[in-house]
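These notes concern the structure reproduced below.
The values are calculated or read from the model by the stated rules, or taken from the named source; none is laboratory data. Quantities reported herein were computed from a predicted structural model and do not represent experimental measurements. FYI the Cβ positions are ideal-geometry reconstructions off the backbone, even for glycines, and counts take in every protein chain you see.
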Amino acid sequence: MGWFFIRLWALLVYLFMFLPVAVVVLLSFNASQFGSFPMTGLSLRWFIELWENDAILRAFQTSMILGGLTALISTTLGVLASLALVRYRVPGANLISTMLIAPILVPEVVLAVALLLFLNFLSINKSFALLLFGHVIFTLPFVVLVVQARLVSIRRDIEEAAMSLGASPVQTFFEVTLPLMLPAVLAGGLFAFTISFDDITGTLFWKPGGVETVPTQIFAMLRNSISPEINALGTVMIVLTVGLPLLGAAIARQLARKSGG
């Protein structure tokens with residue numbers, strides 16, 4: 001009976017977490033303008049109107065560019081930092097590692113306010129570069145943790161064998177180390193992209209005037225009224241933020257299987 005109640009409680013928790021998401025997805029196909037049950041029919045009307053909304057398209061484009069740049073910069077810095085901390089003797093390595101991971105431990109609203117106040121003290125105005133900088137700070141720890149965990153499991157003697165056969169350190173990295181750690185690199189990049197794409201707290205503090213991302217655009221639309229377009233936009237975001245990690249996990253598993261074989 002104890003396991004039965006544990007399973008029942010777990011099921012109720014999952015329903016509490018995911019039922020609202022399912023309702024949003026279902027209402028995005030509602031033919032009626034009013035998001036209520038029972039539904040009057042199924043339609044793609046709100047997705048078509050979403051596609052024709054210039055403000056939402058601009059916000060989506062901004063989010064894609066911001067997420068892509070964040071993933072690129074965070075992944076590059078995360079790989080370099082992980083290599084330095086794991087493969088080389090760096091003075092104060094523990095302190096550096098703690099500082100890199102610290103943004104995860106600090107509440108995002110505190111981090112957002114602190115960065116904004118610091119840049120205001122330096123008389124630096126809000127800009128897209130500031131927004132990108134904030135997203136990199138917030139996503140870099142996730143990349144470092146994922147890549148470090150993979151890099152620790154890669155045997156050092158494999159790299160030493162390559163260098164003993166005449167490969168330079170750069171060749172060893174690109175031809176031996178990087179292929180072995182590629183699943184973690186892709187996973188870290190996808191983490192950075194999805195976190196950046198979904199972020200709203202830091203973005204509200206860091207974004208300049210006239211620049212909107214998808215989450216901030218949804219927030220702005222909710223101030224006026226609950227439009228059915230919001231449900232359609234929410235469905236698109238759910239597909240992206242859930243589908244991309246699943247796709248990345250499948251690719252990483254396939255790459256890990258090939259490298260293991």
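Tally up the residues in the range 102-117 that are small (Gly, Ala, Ser) and either closer than 10 Å to Trp206 by Cβ or not assigned by TED's automatic domain parsing to the domain that holds Leu140 (or both), please.
Residues flagged as small (Gly, Ala, Ser) and either closer than 10 Å to Trp206 by Cβ or not assigned by TED's automatic domain parsing to the domain that holds Leu140 (or both) within the range 102-117 amount to 1.
Residue by residue through the range 219-240, note down the ones that are farther than 17 Å from Glu52 by Cβ and either in contact with a strand residue (DSSP E or B) (Cβ under 8 Å, 6 or more places away or on another chain) or buried (at least 16 other Cβ atoms within 10 Å of the Cβ) (or both).
The first filter runs over the range 219-240 and keeps only residues farther than 17 Å from Glu52 by Cβ, leaving 219-220, 222-226, 234, 237-240.
Passing the criteria: Gly234, Met237, Leu240.
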